[in-house]
Every structure is written in structure tokens, then in C-alpha cells.
1. Please verify whether Ala335 is in contact with a strand residue (DSSP E or B) (Cβ under 6 Å, 6 or more places away or on another chain), of a type in the set (A, V, I, L, M, F, W, C), in contact (Cβ under 8 Å) with a residue 40 or more places away in the chain and within 16 Å of ligand 2 (Cβ to nearest atom), treating the condition exactly as stated.
2. Please state which one of Pro92, Pro108, Pro135 is in contact with a Leu (Cβ under 9 Å, 6 or more places away or on another chain) and surrounded by fewer than 22 Cβ atoms within 10 Å (Cβ to Cβ).
3. Which condition from (1) of a type in the set (A, V, I, L, M, F, W, C); (2) surrounded by 18 or more Cβ atoms within 10 Å (Cβ to Cβ); (3) under 17 Å from the mean Cα position of the chain (by Cα) is the one that Phe304 breaks?
4. Hey, any hits in the stretch 262-280 for a residue that's free of Cβ contacts under 8 Å to residues at least 40 places away in the same chain and over 17 Å from the mean Cα position of the chain (by Cα)?
5. Working carefully through the options Gly309, Gly286, find the one that is assigned to a loop (DSSP other than H, G, I, E, B), within 14 Å of ligand 3 (Cβ to nearest atom) and surrounded by fewer than 19 Cβ atoms within 10 Å (Cβ to Cβ).
6. Among the residues of the stretch 116-130, which ones are of a type in the set (A, V, I, L, M, F, W, C) and away from ligand 2 (no atom under 11 Å from the Cβ)?
7. Could you grab the pairs with beta carbons closer than 7 Å, sequence gap of 6+ or different chains, first residue in the stretch 161-184 and touching a residue at least 40 places away in the same chain (Cβ under 8 Å) and on the phi < 0 side of the Ramachandran plot, second one part of a helix (DSSP H, G or I) and among the β-branched types (Val, Ile, Thr)?
Amino acid sequence: MTNTVAIGIQWGDEGKGKIVDLLAPKMDVVARFQGGPNAGHTLVIGEQKTVLNHIPSGILHDNILSLIGNGTVVDPFRLVEELDMLLEAGIPVEQRLKISDRCQLILPYHRALDAAREAAKGKGKIGTTGRGIGPCYEDKTARRGIRLVDLNASNLDERLDEHLKYVNFMLVEFLGAKAVSKAEVMVALDLARERLLPLVADIPLILHQHIQAGSNILYEGAQGSMLDVDHGTYPFVTSSNTVAGAALAGLGVGPKDVDEVLGICKAYTTRVGAGPFPTELYNADGMCDAKNAGKHMAEKGQEFGATTGRPRRTGWFDAMVVQHAVRINGVTGLAITKLDVLDGLEEVKLCVGYSYQGERLLSIPADCAVLDACEPIYETLQGWSENTFGLTDITQLPAAASVLLQRIEEVCGCNITMLSTGPDREHICHLSSINT
Ligand code: GDP
Ligand code: IMO
Ligand code: MG
């Protein structure tokens, strides 16, 4: 039995969907434990590209049970769209998927509040995905959210009326936005009743039975460690815990039910939305380094959000970020993705420390103003002109690429166990360590 948590360890979009889809055939269960439709996980199989928001990335495989845990927030409109997209593609998703009855629902007023709050913040906005994630988790923690199980509650109508008074006060009086009608909310609730209630189940019970039977479970994270509400670049973060520990609370399993933690990261760094990014080279405003490496990453890596289509900011690999992630998640192995994107660069850099007011920091500062003022300390390595796209044999790596990967292992204090060299399921090298 190997129960593995697979998580992003930068600012999201590290290639989790691809890696989870790839590992899924070795698994019996793939389970999502946090986040919601802010996630966009891309799976590429030949000509076919699938982007998933809520549904675990093992869904394309037969005989694998997909679970959506209680820590996840569910938008009925988007999840039903996802179900229909898969059904149209011939995937019997309703036979493969179970959803926790404890999942919180994202309702139209959550999206309206998300948009209105961002608009009110003006230049200081977080750059959320606009999917209502923050307001939904806020209602959950304030103990006024509506869960899937509550769709059957006799007092639901009363609770909704009461809640809409509060929500519309916030929207209209405080934020100057339009009110949300009860009718709009009812459409979402009816859809959830019709299409999602048939899929609800007691997820901890199902997982417990699988654990007893010795099944292999893959816990799939969304976002990345630097977007974690506690450990990330607060307040420029998402509203859930994205770290490996969240897999336990977000599904209802115990610490002994996890064997490995796979930390997924790109061979460089990207970020969508606002917030500190010490090694940033390039963004939509055109910020550029002398050798245009950031632009190269954005263009060759096709760095646009899978969910929102927004351009991603790009920069060098930041080992300070990955070291932080290795510590807070107990990462046991790294999966490095998008190595191929660095092909053709004359030199590649690795940030191995931060200098702040003349002093070298040992870890990521909690204060974003301090992080913003940090100067990256770089090691410069030779680039390579060879093509690594689609490479499956590690022995064929250009020497300079091997040197980069070895330095990543040394500086981050963790072995690389997988190397991704293209978007397709087939573009992968498995290895126990680059150094062996
Ligand atoms: P996720 O949110 O972590 O699942 O990542 P996304 O799907 O949002 O973004 C990753 C993007 O990179 C997707 O378009 C993937 O198809 C693509 N991708 C994943 N791994 C590789 C790789 O090794 N090389 C290249 N060139 N693209 C990759
Ligand atoms: P996956 O799972 C990249 C970012 C948003 C914003 C911040 C808060 O595909 O890696 P939210 O809508 O969650 O309140 O936005 O978090 N963000 C992501 N960035 N990948 C994601 O998911 C993200 N989910 C949220 O851009 O900066
Ligand atoms: Mg993504």
C-alpha cells in the first residue's frame, strides 16, 4: 500500500493534473481535499486536452474511484458543466465519482461578493479567480455556509432568507454592487439537488474501507504551498490550506494513512494574480530581463491560466520557495515539470537565498513587504541547446540539464523522483534520484 499526497509547491499550475493522471493507474482511489473551481488541472492524452476544476485528475481511467472531500468547495453550475463535458467525451463519470455530503456549496452570492470585493480593492486587489472561493470558505468558517447535506434540511428556506439579508447588505450598502436574488440561488440549489445529491457519500467511511483493504490512495492537492492561507504569501493567497496536512482534514483520514508526499514544481516559477514573487522576470506589463528568459518561459511554456486564461508571471526557479515547501509539507520526493521549456536558454539561474537589507535570510519571511524587498541570490548555470521535449530516458538528458537538476536536489534537500518533459501523459522520466 502506498498512499501519496501529490501537491503543488510553488504558486499553483505546476502540472499537478498531468502528474496525477500519470500516477493514477497505480492507484485505486484519487481524492481531492481542498480548493474548488479556482483550480484548473490539465490532462493531455494525444490530441485530447481536458481541463478539470473540481473532479480528481484520475477520472479518465477505468476502475479508479474519484472522491471529492469535505475540504473542497463545490459550485453546482461548474461541477455539472464538468460532469457533462466528461459524459459527452464518453467517460461514465457518475459511476466513478463520489462527493462528500459535507462539501460547502459556492452560490451566486459568493461569486458576486468575490467580484465586488476585488473591484473595491482597486490596485490592491488579490487577483482572485473570481470563482467565489474566499467568500465561500468565509461562510464555512463563520458557520453559516450551505453544505450538500443541507439541501434536505427543513429550515433551509429560512436560513437562506436570513443569509441573503446579510449578503445583500454587504453587496449593496457596503460594496455598491447589485443584489443577488433568491431566485438565482434557488436555480443553483435545484441543480445541486438534481445532479449532485445522487453522488453524495460518506467519504471517510469509503476511505477507511479502502485503507483496511490495503488500497492505494492518491490525495490530489489544488493550488500550491505559496498560496496556502497560513504558509503562503498572505494576504495574496487562496482561502484554504493547500499543504499536505490539509489532505487529512479535507477528507477525514489520519496521519498514519499517508506514506509519501510528492512535491510538484516547475523547473522555473510562475504565478497568476498579485503578490510577491522575488525571482520574477516577466509579466503582462512586459517587465523583462536582459536575456529575455522570462518571456521565453511565458511563450514556450504557454503560460496562461487553465481556468481563467490570464497570463502567468514567470521567473527563475526559487529554491527558497521549494525548501520552505519541503519543510512545511514533509515532501519525500520532487516531481519537476516543464524542463523542456528551458531548452534553448544560454544560461539558467537558481535562486539559492534572499538578501534583505544586506543580510541573508534563512527562510521565507511572513511579511510580504519584507519578501517584496528581498533580492534573490542566484547561482548561474550553463543552459543547453538540445531538445528535451518528450524525453523519457534520463540518460539522454543534456549534461547541463543534469547539472541543474542535481543542484536543485542538493539545494532543496530532496530527491527528484519524476521529471516531466512535455504536457502529454507519455512525456515523463521516472527516477529515484538524479544523483543515483
Ligand atoms: P496544474 O494546475 O498544476 O494541474 O497545472 P495546469 O494544468 O494549470 O498548468 C500546467 C500546464 O503545463 C498545462 O498546460 C500542462 O498541459 C502543461 N504541462 C505539464 N507538464 C508539462 C511539461 O513537462 N512540459 C510542458 N511543456 N508542458 C507541461
Ligand atoms: P491550480 O490548482 C494558480 C490564485 C489566484 C489568486 C489567489 C486567490 O490550477 O494550481 P482564489 O480565487 O483562490 O481566491 O484566488 O490564488 N490561484 C491560483 N493560481 N493555480 C491555481 O490552482 C489557483 N487557484 C487560485 O490567481 O492569486
Ligand atoms: Mg492550474
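The values are calculated or read from the model by the stated rules, or taken from the named source; none is laboratory data. Bear in mind the structure is a predicted one, so any value in this text is a computation, not a measurement. Using ideal geometry, Cβ is built from the backbone for each residue, glycine included, and neighbour counts are taken over all protein chains shown.
1. Against the criterion (in contact with a strand residue (DSSP E or B) (Cβ under 6 Å, 6 or more places away or on another chain), of a type in the set (A, V, I, L, M, F, W, C), in contact (Cβ under 8 Å) with a residue 40 or more places away in the chain and within 16 Å of ligand 2 (Cβ to nearest atom)), Ala335 qualifies.
2. Pro92 is the lone residue from the list that is in contact with a Leu (Cβ under 9 Å, 6 or more places away or on another chain) and surrounded by fewer than 22 Cβ atoms within 10 Å (Cβ to Cβ).
3. Going through the list (1) of a type in the set (A, V, I, L, M, F, W, C); (2) surrounded by 18 or more Cβ atoms within 10 Å (Cβ to Cβ); (3) under 17 Å from the mean Cα position of the chain (by Cα), Phe304 breaks only (2).
4. yes
5. Details: Gly286 fails: within 14 Å of ligand 3 (Cβ to nearest atom).
Result of the check over Gly309, Gly286: Gly309.
6. So in the stretch 116-130, the residues of a type in the set (A, V, I, L, M, F, W, C) come out as 116, 119-120, 126.
Residues satisfying the conditions are Ala116, Ala119, Ala120.
7. Between residues of the stretch 161-184 that are touching a residue at least 40 places away in the same chain (Cβ under 8 Å) and on the phi < 0 side of the Ramachandran plot and residues that are part of a helix (DSSP H, G or I) and among the β-branched types (Val, Ile, Thr), the close pairs are Val180/Val167.
Here is a yes/no grid of residues against (1) surrounded by fewer than 20 Cβ atoms within 10 Å (Cβ to Cβ); (2) modelled with pLDDT of 95 or more; (3) out of contact with any helix residue (DSSP H, G or I) (no Cβ under 7 Å at 6 or more places or on another chain); (4) outside any strand (DSSP E or B):
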residue: Ala192; (1), (2), (3), (4): no, yes, no, yes
residue: Leu197; (1), (2), (3), (4): yes, yes, no, yes
residue: Gly232; (1), (2), (3), (4): no, yes, no, yes
residue: Ser239; (1), (2), (3), (4): no, yes, no, yes
residue: Val261; (1), (2), (3), (4): no, yes, no, no
residue: Ile264; (1), (2), (3), (4): no, yes, no, no
